[in-house]
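The values are calculated or read from the model by the stated rules, or taken from the named source; none is laboratory data. Keep in mind that what you see is a predicted model, and the values were worked out from it rather than measured. Glycine also receives a Cβ, built like all others from the backbone with ideal geometry; neighbour counts cover every protein chain displayed. Side chains are part of the model used for accessible areas, which takes the heavy atoms of the whole protein and leaves out ligands, DNA and RNA. Shrake-Rupley method; radii C 1.70, N 1.55, O 1.52, S 1.80 Å.
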Amino acid sequence: MAAVGVVAASRAAEAAAHSLGADFNDVAVGALPAGWSADTAGGDGTVGVAAVPDPVDRSLRLTKTTTAGTALATTRFAALTGEVRVEARVRVDQTAGWYNMLYIAGSDWRAAASVAVRSGQFNYVATGQNLLPAVAGRWYTLRAVLRTDTQRVDLHIDGQRVLAGAAFRETSADIARVTVAVDTGNTGTVYVDSVTAHQVPAPSVDYVVLDQFNDGALPAGYAITATGGTASVVPTPSDADQSLSLARTVTAFRDFPAQSGTVIVQANVRTDETVGTKVALYAYSSGTKPAATIQFDGGWLRYFDGTNGHQLTPVTAAEWYTLRLVLDVASQEFEIYIDGRKFGGAAPRWGFRDPDATDVGRLRFGTDGAGTVRVDNVMVYRNPVVAPPGAALDVRAAPYSAAGDGATNDTAAIQRAIDDAPAGGSVVLAGGVFRTGTIRLKSDMTLWVNHDAVLLGSQDLADYPQFSHGADGTPRVGGIITRALILTNGADRVRIDGGGTIDGNGDTPAWNSDLPGRPVLLFLTNGADVLIMSRGPRP
């Protein structure tokens, strides 16, 4: 399980907001799924569920053997506006013809976006632009991100963005229909699976800076100073998740409007070698006075105040670290978090490096010689977190007495607090790293992981009881998901919030080699109004 921040919206939150979700796995082979209509007039077309790719994981198949008529399947859902994501897995068994793979329209049938496979290419129909080659018999994931306010769409194929800010095919005030078709004049078979559509909740944070580099270009606000070095946006860790690479002698400054009060600065950083000294994350005032400075230095992440260095944590080459600074401008003090863990020992707050730093308005990353620093997910925002709702049960307080030291197994303490929480109340994890196995949330509660806390998954498989699909009523998902860190089944009005971090801690060789037995991070099923608050960037 990878680490994810509660500061970030998750797919579980998105799933709760789906207006359309169709995987066809519970539909009889040959049948038309509920909520879908078919048009096979004028030819020999057929539309029905098929045991493809296998009897457990089924899909909707459309097929024709003559050019006459059509084979079309469409579904309508509640009209969505704002930012809307429509996604589907698709496959064609031949590529020579024209196949409408994802036709997205509004409630008035006006087409917002249309993607086809045409003569062996994925094609954006509105402009006729070819996007990527299409291979017969291969599954692809298409994702369209549509914005009804600007009438623009981004398109991703297998995570790669192939179209950015394209105009809608027609003006469409909402998104309400998805259609797949083999049209007149064509023969062949297409499959569609895992069709979803949902409105993306607006973030609850007004970011001063949110740089993710996934457009392949340097965002506005950066100034690069290079002396024999290079700065570039690179496909690391992947084509869909790019980052800024600073190689040899180069510095990147990111300026933004001066901020006061409590300011959070966060970035994912890594170095490809442990020797030498490099700038991991510096926060300056708008007058370029240093407030907080963290370096990669001789195999360590260190905080420097003047000439004194303070070791924070050892560094592994090519490993990403999430650095977060919580800067209190009024008191000129700050806190340091690395991968969710708070540093500082008996004095968890340090004074600003320069007392003349009276605001926060600039960041710095870079190298002063050989080597490479990579930077991703740069955020600056004011602290949006308020307080846990309802009656708050602190798991560190009696009678629960969780240790929060990152080593003690706190599963029983946290679960007891969950069981005791009254309707509308909160279970609070604050000021520590809470190692746990499976915890089961219930209806009408909030799991509040405070900004200074980490919920850390145990690496002992015995801490994750296996689901009993019969007695427990937990859905069976392809026979693979049988354990989870956070579990709900039939729980309604559940919320996860607080601005902290949930770290699955899944980097263990035993789990890497035994995928079917590996716990998942979140398994939230059979419930309504399950929400993970959006307090950071969406994936």
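Figures for the structure shown
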item	result
Residue selected from segment 40-53 under the condition within 20 Å of residue 98 (Cα to Cα) and touching a residue at least 40 places away in the same chain (Cβ under 8 Å), by the criterion most open to solvent (accessible area, probe 1.4 Å)	42
Residue within segment 401-411 that is part of a strand (DSSP E or B), within 24 Å of residue 531 (Cα to Cα) and open to solvent by 60 Å² or more (accessible area, probe 1.4 Å) present	no
Close pairs from segment 202-218: first over 16 Å from residue 252 (Cβ atoms), partner modelled with pLDDT of 80 or more and exposed (fewer than 14 other Cβ atoms within 10 Å of the Cβ), Cβ under 7 Å, at least 6 apart	208/257
Test: residue in segment 282-293 that is open to solvent by less than 30 Å² (accessible area, probe 1.4 Å), closer than 14 Å to residue 375 by Cα and either modelled with pLDDT under 95 or of a type in the set (Gly, Ala, Ser) (or both)	no
Condition check for residue 88: part of a strand (DSSP E or B), modelled with pLDDT of 90 or more, under 27 Å from the mean Cα position of the chain (by Cα) and closer than 30 Å to residue 171 by Cα	yes
Answer from 266, 259, 242 - the residue that is more than 24 Å from residue 343 (Cβ to Cβ) and in contact (Cβ under 8 Å) with a residue 40 or more places away in the chain	242
Residues of segment 242-261 satisfying the condition of being of a type outside the set (Gly, Ala, Ser) and open to solvent by 50 Å² or more (accessible area, probe 1.4 Å)	248, 255, 257
Residue that is touching a residue at least 12 places away in the same chain (Cβ under 8 Å), within 27 Å of the chain's Cα centre (by Cα) and either within 26 Å of residue 431 (Cβ to Cβ) or part of a loop (DSSP other than H, G, I, E, B) (or both), where the choices are 317, 357, 291	317
Looking only at segment 320-354, and only at residues there that are without any contact (Cβ under 8 Å) to a residue 40 or more places away in the chain and in a loop (DSSP other than H, G, I, E, B), the one that is most open to solvent (accessible area, probe 1.4 Å)	346
Conditions (1) farther than 24 Å from residue 200 by Cβ; (2) touching a residue at least 40 places away in the same chain (Cβ under 8 Å); (3) open to solvent by less than 50 Å² (accessible area, probe 1.4 Å): number failed by residue 143	(1)
One residue from 304, 296 being open to solvent by less than 40 Å² (accessible area, probe 1.4 Å) and closer than 19 Å to residue 339 by Cβ	296
Segment 440-456: number of residues that are crowded, with 20+ Cβ neighbours inside 10 Å and more than 22 Å from the chain's Cα centre (by Cα)	1
Any hit, segment 363-374, residues being open to solvent by 30 Å² or more (accessible area, probe 1.4 Å), of a type in the set (D, E, K, R) and at pLDDT below 95	yes
Residue within segment 195-202 that is closer than 30 Å to residue 65 by Cβ and open to solvent by less than 30 Å² (accessible area, probe 1.4 Å) present	yes
Condition broken by residue 205, with the remaining ones in (1) at pLDDT below 90; (2) open to solvent by 20 Å² or more (accessible area, probe 1.4 Å); (3) in contact with a Pro (Cβ under 9 Å, 6 or more places away or on another chain) satisfied	(2)
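Conditions tested, residue by residue: (1) assigned to a strand (DSSP E or B); (2) surrounded by fewer than 19 Cβ atoms within 10 Å (Cβ to Cβ); (3) in contact with a Gly (Cβ under 6 Å, 6 or more places away or on another chain).
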{"residue": "25", "(1), (2), (3)": "no, yes, no"}
{"residue": "55", "(1), (2), (3)": "no, yes, no"}
{"residue": "60", "(1), (2), (3)": "yes, no, no"}
{"residue": "75", "(1), (2), (3)": "yes, no, yes"}
{"residue": "78", "(1), (2), (3)": "yes, yes, no"}
{"residue": "96", "(1), (2), (3)": "no, yes, no"}
{"residue": "113", "(1), (2), (3)": "yes, no, no"}
